[in-house]
Amino acid sequence: MDSVMNPSKSPITLMTDFGADDIFVGVMKGVIHSIHPGAQIIDLTHAIPSFDIVQAAFKIRQAADYFPVGTVHVIVVDPGVGSERRAIAMKSGGHYFVAPDNGVLTFIAKRGIEECATIANPDYCLPEVSASFHGRDIFAPVGAHLLRGVRLSKLGPPLSALQELQIAAPTVNDNGTIRGEVLWADHFGNLITNIVASQLPQDAHLFVEGVDIGRLARTYADVAEGEALAMIGSFGHLEVAVRMGNAAEELRADRGTEVIARTPLA
Amino acid sequence: MDSVMNPSKSPITLMTDFGADDIFVGVMKGVIHSIHPGAQIIDLTHAIPSFDIVQAAFKIRQAADYFPVGTVHVIVVDPGVGSERRAIAMKSGGHYFVAPDNGVLTFIAKRGIEECATIANPDYCLPEVSASFHGRDIFAPVGAHLLRGVRLSKLGPPLSALQELQIAAPTVNDNGTIRGEVLWADHFGNLITNIVASQLPQDAHLFVEGVDIGRLARTYADVAEGEALAMIGSFGHLEVAVRMGNAAEELRADRGTEVIARTPLA
Amino acid sequence: MDSVMNPSKSPITLMTDFGADDIFVGVMKGVIHSIHPGAQIIDLTHAIPSFDIVQAAFKIRQAADYFPVGTVHVIVVDPGVGSERRAIAMKSGGHYFVAPDNGVLTFIAKRGIEECATIANPDYCLPEVSASFHGRDIFAPVGAHLLRGVRLSKLGPPLSALQELQIAAPTVNDNGTIRGEVLWADHFGNLITNIVASQLPQDAHLFVEGVDIGRLARTYADVAEGEALAMIGSFGHLEVAVRMGNAAEELRADRGTEVIARTPLA
C-alpha cells in the first residue's frame with residue numbers, strides 16, 4: 001500500500017439491504033475500524049428492500065449532500081454479488097462513493113463525475129474475497145482506505161461508462177397533465193413520487209389511482225386530521241400524505257401506483 | 001454566529017418516531033457532522049410509535065440521567081411539524097434538550113429548568129427550512145451548535161411556560177387500592193405501568209385486567225418459567241412480565257390496560 | 001478504582017436480544033460514555049431472538065475476528081438475569097468479552113482462553129444493580145472499564161470452568177452421508193446450517209427436508225433466478241439459498257430443519 005498523505009476526519013456512511021437482524025453490518029464496521037481506527041461510521045439505512053437498486057439510487061442521491069465534503073459513502077445493494085459485475089469507486093461533488101456497478105450510482109453520476117475507478121487492486125480488499133459478501137470483503141475495506149486518504153487511482157483502472165438504471169420519468173401530455181408514480185412509502189406511510197417540484201405548477205390538482213387529493217398543500221396542518229393531502233416533501237419530490245394517518249394504507253397505494261397532476265386551465 | 005468557547009466532547013443523542021426504514025435519521029447525522037465534525041451520535045430509539053408524545057416523554061426522562069453531564073438530547077416526535085408550534089431548547093440537570101414544544105419535555109421540565117429558549121435564530125438552522133422535516137432543518141443543527149458550545153441565549157428569546165402533557169396519574173382509593181395502567185409493552189412483552197416504586201407497598205397484590213398476578217416479586221427467577229409476575233422494573237416502574245414468555249401476548253394487555261394493586265390489610 | 005495505564009482506542013461492540021424498540025441499548029451507550037468519554041460503540045446486532053443463547057454464541061464467534069485486537073465485545077442474551085448465574089469477562093485471541101456465564105461464549109472459549117474472571121468487584125459496576133437489567137448495570141460498565149485499560153484481574157477471582165452449550169454436531173454415517181440442521185435463516189431467507197466447509201466433500205449432493213438442492217455451487221450466479229442452491233457461505237458454513245428469492249419461505253425451512261449431504265460414490 002502507498003503512504004497516505006491526508007487521513008480524513010470525515011465520516012463514512014453505509015447503505016445496504018442487509019436489515020438489522022444479522023451481523024453483516026456490524027462485521028463491515030469491524031473491517032473499517034481494523035483499517036482506519038476511530039472511523040466515524042453512520043448508518044444511512046439498512047432497510048432498502050432486498051435487491052431494490054432503484055430505491056437505493058434515489059436515497060443515496062437524496063442523502064449525500066447533507067454530509068460534509070470528503071465523506072465516503074458505501075452502498076451495498078448487490079444482487080449480482082459473485083457474478084462478473086464490477087465494483088467501482090467514484091468521486092462526485094467532493095464525496096466518495098463505493099458500490100457495485102449495477103446502476104445504484106446513476107443519479108450521483110448524473111450530477112457530474114470527478115473521477116471513477118474499477119476496483120481491481122487486491123491490496124485494498126480483504127486477503128480472502130468470498131463469493132457472497134463483498135460488503136465485508138471489498139466495499140467496506142475500500143471505503144476505509146479512501147477515508148485514510150488513499151487515492152482513487154490506486155484502486156484500479158479509470159472507468160467512464162457506468163451501468164445506468166433505465167427509469168421511466170413522469171410524462172406530460174398536450175393538456176399539461178403529468179402522469180407519474182409512487183416510488184415508495186416511507187415509515188409514516190407517506191407516498192414519495194417520481195414527480196419533482198420543478199415539474200409541478202403551483203395550482204396542480206392531484207389524483208392517486210383516481211382518488212381526488214385536491215390542490216397542492218404547503219404543510220400537513222393545511223388539512224384536518226385524517227384527510228389526505230399532496231405537498232412537496234422535504235427532498236423536493238411530490239408526496240401524498242394523510243394527516244396523522246397512513247396514506248399507503250388508506251389509499252392502498254405502493255410502489256408503481258399512478259399519480260396524476262392536472263392543471264385546471266391547461 | 002458567535003465564537004465558541006467551549007466545544008464539547010459530550011455525545012448527542014437522537015430519539016424519534018422515524019423508524020429505521022428511511023434515511024431521515026442518517027440525514028440528521030450528516031447535518032450534525034457537517035456542523036460539528038467528529039460528533040459522537042447515539043441513537044436512543046427511533047421506534048417511538050408515530051406521534052406518540054407520551055411514550056417519548058417517559059422514555060427521554062428514563063434515559064437522560066445515564067448520560068454524562070453536557071450531553072445534548074434531540075427529540076423529534078412532532079405531529080405538529082409545519083404548524084405554529086414552537087421549537088425549544090432547554091437546559092435541565094446539566095443536560096441539553098432540543099425538541100418541539102408539544103409536551104415531550106414535560107417530565108424533564110418537572111425536575112427543574114435551568115434555562116429555556118424558543119428557537120428563533122435562523123443562523124443555527126439550515127438555510128432552507130422545509131415544512132415537514134424539522135428534525136433535519138432545525139433540531140439536528142441546533143443540537144450540533146449546542147454541542148459546539150453555542151449558548152442557549154443565542155438561539156432565541158427565553159421561554160418559561162412550556163406545553164405540558166396532561167397525563168392521568170394512578171389513583172388511590174380509601175382502601176389503599178391503587179389503580180394504574182399499562183404505558184407500553186417493551187420488546188420482551190413486559191408491561192411497563194404508570195405506577196412507580198414509591199407508591200407501592202411491599203406486600204401489594206397485583207391484578208391485570210382482573211387476572212391475579214400475585215405479590216410483588218423481586219426478579220424473574222422468583223417464579224417458574226411461563227408464570228406471570230409483577231416486579232419493580234429497572235427504571236423504577238411497576239412492570240408485569242411472564243418468565244421466559246411474553247406478558248403482552250399472554251395477558252392480552254397493551255397501552256391503557258388497567259393494573260390494580262391491593263394491599264391485603266388495607 | 002486503580003489508575004489506568006493503557007486507555008484503548010479500540011471499539012466496543014454490543015450484541016443483545018433487546019431489539020430496537022426500547023431505550024435499553026441507548027442507555028447502555030450512555031453508561032459507556034459516562035465511564036469512557038468518546039468510546040467508539042458498534043452495534044453487532046440487537047435482533048438475537050429473545051433468550052437465544054445458541055444463535056448469539058455462533059454469531060459472536062463469526063463476528064469477533066473482523067474487529068481489531070483490543071476490541072471489547074459485550075454480549076447480553078441473558079434469560080437468567082437476577083438469578084445466581086455468574087457474570088464473566090474473558091480475554092481470548094487478544095479480544096475482550098463480557099457476558100453472562102450461560103454458554104454464550106462457548107465457541108470463543110474453544111479457541112483458547114487467555115484469561116477469565118468472574119465479575120465480583122462492585123467498583124466496576126453501577127452503584128445500584130437492578131434485578132432485571134444487568135446490561136446497563138454490570139456488562140456495559142465493565143466493558144467500558146476494560147476499554148479504559150482496567151485489567152481483568154481487577155474485576156474478580158479467576159474462573160476456569162465456564163458454562164458450555166451442548167450443541168449437537170452434524171453426524172456422519174458409514175456411507176459418508178452427513179446429517180446436519182439449519183441454525184437460522186438470515187435477512188434474505190438464506191438458511192445457515194451447522195455443517196462447515198471442512199466437513200463437506202466438493203462433490204456433495206444436498207437435500208433440505210428431502211428436497212433435492214443439487215451439487216454444491218460456488219456462487220448465487222451459478223443458478224437461474226428463482227432456483228435453489230447450496231454453497232459455502234461467507235462465514236464458512238454450508239448455506240442454502242434461492243437466487244433472488246427467499247429460501248426459508250420457499251423451502252419452508254427454519255431452525256432445526258434437517259439438511260443432508262450425500263457423496264455420490266460414498
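Structure notes:
- Scanning chain C for the beta carbon that comes closest to the axis linking it by rotation to A yields C:Ala20, 4, distance in whole angstrom.
- Per-residue ellipticity at 222 nm from helix content only, as computed over chain B with -39500 (n - 2.57) for each DSSP H run of at least four residues, stands at -4500 deg cm²/dmol.
- Within straight-line reach of B:Lys59, meaning a Cα separation under 20 Å, sit the following lysines at least 8 residues removed in sequence or on another chain: B:Lys91, B:Lys110, C:Lys29.
- With R₀ set to 41 Å, the beta-carbon distance separating A:Glu258 from C:Glu258 gives a calculated FRET efficiency near 0.30.
- Stretching B:Arg218 away from B:Ala197 to a fully extended chain increases their span by 6.4 nm, per 0.36 nm per residue minus the current alpha-carbon distance.
- Degrees separating the helix A:24-35 axis from the principal Cα axis of chain A, which is the longest one: 40 degrees
- Gained length - B:Lys9 relative to B:Ile167, 0.36 nm times residue gap less alpha-carbon distance: 53.3 nm
- Sequence-distant residues sharing a close amide H with A:Asn194 (under 5 Å, placed H): A:Glu181, A:Leu183
- If only the Cβ of Lys and Arg carry +1 and only the Cβ of Asp and Glu carry -1, the dipole of segment A:101-235 around its Cα centre is close to 560 debye.
- Phi-derived couplings, Karplus 6.51 cos²θ - 1.76 cosθ + 1.60 at θ = phi - 60°, listed residue by residue for segment A:245-256: x, 10, 5, 4, 6, 6, 9, 6, 10, 7, 3, x Hz, with x used for Gly and Pro.
- Among the GluC sites (Glu not before Pro) found in segment A:70-159, those both in a DSSP coil and sparsely packed, with 16 or fewer other Cβ atoms within 10 Å of their Cβ, are A:Glu84, A:Glu114, A:Glu128.
- Comment: the Cα-to-Cβ extended label point of A:Gly112, at 7 Å, lies 5.4, 5.4 nm from its counterparts in the other copies, nearest first.
- Relative to the current alpha-carbon distance between B:Glu250 and B:Ala120, full extension at 0.36 nm per residue lengthens the span by 41.9 nm.
- Cα gyration tensor, chain B - rounded (a/c under 1.5), prolate or oblate: prolate
- Split chain B at each of the trypsin sites (Lys or Arg not before Pro) in a DSSP loop with at most 12 other beta carbon atoms within 10 Å, and the longest piece is B:1-110.
- 12 Å beta-carbon shell around C:Gln40, net charge (K/R +1, D/E -1): +2
- Calculated label separations, B:Val211, copies of the chain, 7 Å along the beta-carbon direction, nm: 3.6, 3.6
- Each Lys or Arg adds one and each Asp or Glu takes one away; over the other residues whose Cβ falls under 11 Å from the Cβ of B:Tyr220, this sums to -3.
- Contact order relative to length of segment A:90-209, as percent, for alpha carbon pairs under 8 angstrom and 6 or more apart: 22 percent
- Loop-resident sites, segment B:151-254, for GluC sites (Glu not before Pro), counting at most 11 other Cβ within 10 Å (DSSP): B:Glu225
- Label 7 Å beyond Cα on the Cβ vector: B:Pro157 copy-to-copy distances, nm: 6.8, 6.8
Computed from the coordinates by the stated procedures, all read-outs in this text should not be read as laboratory data. Please read all numbers here as calculations on a predicted model, not as lab measurements. A quick note on method: Cβ atoms are made from the backbone with ideal geometry, for glycine too, and the neighbour counts reach across all protein chains shown.
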